[in-house]
Every structure is written in structure tokens, then in C-alpha cells.
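Have a look at the structure below before the remarks.
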């Protein structure tokens, strides 16, 4: 019985230590989440203004065309998938990877029909294990990524479209709703067929020409959308981590309470047994 009590006490101590860790991780994730939300929000005005300018040029210049605005026969598709480098963030990575896998299986018969650009170790390892065509990868990003951090892979994806190596590009990420909800999204990034639908003609003059300005701005706009999705995905990761660590802390609290009750009952039973043995010994004398 004494050994059983020691085992329970040791287990309670172990869970208390784990609880301290999960609580600390929850608090760190909450602090980082606030910064990630602020960064994602602050990036929106720039991307919206860039979209406005690009749409205005495309809508206001008669006869203007650009490969990034026009749909063409699809021979090969690119997927830019954003995941995290580390786990402990609930089903965040599982949800987006499952959605991407289902999307690819429904649209393609062969690995030759698509290429994958992946951000995050979880996604990279997932696609490598399945021997899928990963052409570019980026890992070990900080919790507060900058545009310079993702520029290389964003530029590679957009450049492949410009060169005709892929004929459409989808961006796949978790869209942040709140700390409890992150929606996996697979959005078409290129071609930008509908960019002129809500555009208004500004009447501005562009030098050296509207075509040259558009050719310069469109790749930058596509890369900006990728960066915005990266910030959204990072906020989703931190929100999922905060929620997962909060749930783990609550579970640890409940488990400690149950084990403490079990310990007290076992201790009480041991004391009762000892008293019974003493009484029985006294009666025997």
C-alpha cells in the first residue's frame, strides 16, 4: 500500500510539472498571437492599395494584357502550401494537409501534373513521406516572419508561372478567424482573372507606360498576397497552439484532482487498516 501511495504521489508531481509547462506555453502563445494579429492587420492596407492600383490600370487601359491576368490551358498546376515548423498546435497542420491532399487527388491523375512549394517543416515532411513533387521548400521561420523571409519561395512560385512552367497557382493555408477557429483554405492566386471586377478607373497617367507599370506591379502584388497568407497562417498556428495548450492545462488540472482524490482515499484506507490491526492486537491480549 505504501508503494502504491508513493506511485500516485510521484504521478501527481509529474503531471504538476507538465501543467506548469503547458500553462507557460499557453501564455507565450497568447502574447505572440496578439503581435501576429497586429502584423497581419497592418499588412492589409498595403495589399488592398496595390490591388486597387493594379485593377485600375488593367480596367482603364484598353487592349492591355498580361499572362498573370489571363486564363490559359492548364498543363501543370502549382500549390504553395503553408504549415508550421513545430507541432503542439492541435489539428491545425492536419486540417490543411488533408484538404490539400483531397484537392490534389480530385484534380490530378499523375504527379507530373503538379508541383508543390511548401513552407514549414510539417508540410515538407508530410509530402516527402508520400514522395510528392516538392520543388521548393522553406523552413525554420520565426513566429514573426518578414517579407524578406518568404521572398525567395514566393518569387520562385510566381516566376514559374511567368515562365509558363506552371499554368495556375493555388495558395493553401489556414485562415485565422479567432483563437478557436482556423479555416483551411485553398485559393487560386494565379491567374488573377477577376481583379478588374470591382476596380475603378482612376484616370492617372503612368510612366513609362501602363503596360510596363502593370508588368512590374503584378508579380509584387502576387508575392504580397503570399506574404499576407503567411501572416494569416502564423496567427492561426499561434491561436491553435494557445487553445491546445489551454486544453492540456485544463486536462492536467482535472487529472491532478482525480489522482489527489484517489491518493486521499488510499491513504485513508491504509490508516483505517492500521487502526483495525492495532484494535485486533489489543483484543487478542
Inset, instruction - Answer yes if at least one residue in region 147-165 is crowded, with 16+ Cβ neighbours inside 10 Å and under 15 Å from residue 91 (Cα atoms), and no otherwise. - result: no
Inset, instruction - Looking only at region 159-167, decide whether some residue is in contact (Cβ under 8 Å) with a residue 24 or more places away in the chain, in contact with a helix residue (DSSP H, G or I) (Cβ under 6 Å, 6 or more places away or on another chain) and part of a helix (DSSP H, G or I). - result: no
Inset, instruction - Check region 208-227 and report whether any residue there is assigned to a helix (DSSP H, G or I), more than 30 Å from residue 106 (Cα to Cα), touching a helix residue (DSSP H, G or I) at 6+ places or on another chain (Cβ under 8 Å) and at pLDDT 85 or above. - result: yes
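Out of curiosity, is residue 72 out of contact with any helix residue (DSSP H, G or I) (no Cβ under 6 Å at 6 or more places or on another chain) and without any contact (Cβ under 8 Å) to a residue 40 or more places away in the chain? Let's see the steps before the verdict.
Details: out of contact with any helix residue (DSSP H, G or I) (no Cβ under 6 Å at 6 or more places or on another chain): yes; without any contact (Cβ under 8 Å) to a residue 40 or more places away in the chain: no.
No.
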Inset, instruction - List the number of the failed condition for residue 125; all other conditions in (1) surrounded by fewer than 19 Cβ atoms within 10 Å (Cβ to Cβ); (2) in contact (Cβ under 8 Å) with a residue 24 or more places away in the chain; (3) more than 10 Å from the chain's Cα centre (by Cα) hold. - result: (2)
Inset, instruction - Could you check, for region 57-76, whether at least one of its residues is over 19 Å from residue 181 (Cα atoms), modelled with pLDDT of 90 or more and surrounded by 15 or more Cβ atoms within 10 Å (Cβ to Cβ)? - result: yes
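For region 34-46, how many residues meet the condition of being out of contact with any strand residue (DSSP E or B) (no Cβ under 9 Å at 6 or more places or on another chain) and in contact (Cβ under 8 Å) with a residue 40 or more places away in the chain?
The first filter runs over region 34-46 and keeps only residues out of contact with any strand residue (DSSP E or B) (no Cβ under 9 Å at 6 or more places or on another chain), leaving 34-35, 38-39, 41-46.
Now restrict to residues that are in contact (Cβ under 8 Å) with a residue 40 or more places away in the chain: 35, 39, 43-44, 46.
So the count comes out to 5.
The values are calculated or read from the model by the stated rules, or taken from the named source; none is laboratory data. This structure is a prediction, so every number in the text was calculated from the model and none was measured. Every residue, glycine among them, receives a Cβ derived from its backbone with ideal geometry; neighbour counts consider all protein chains shown.
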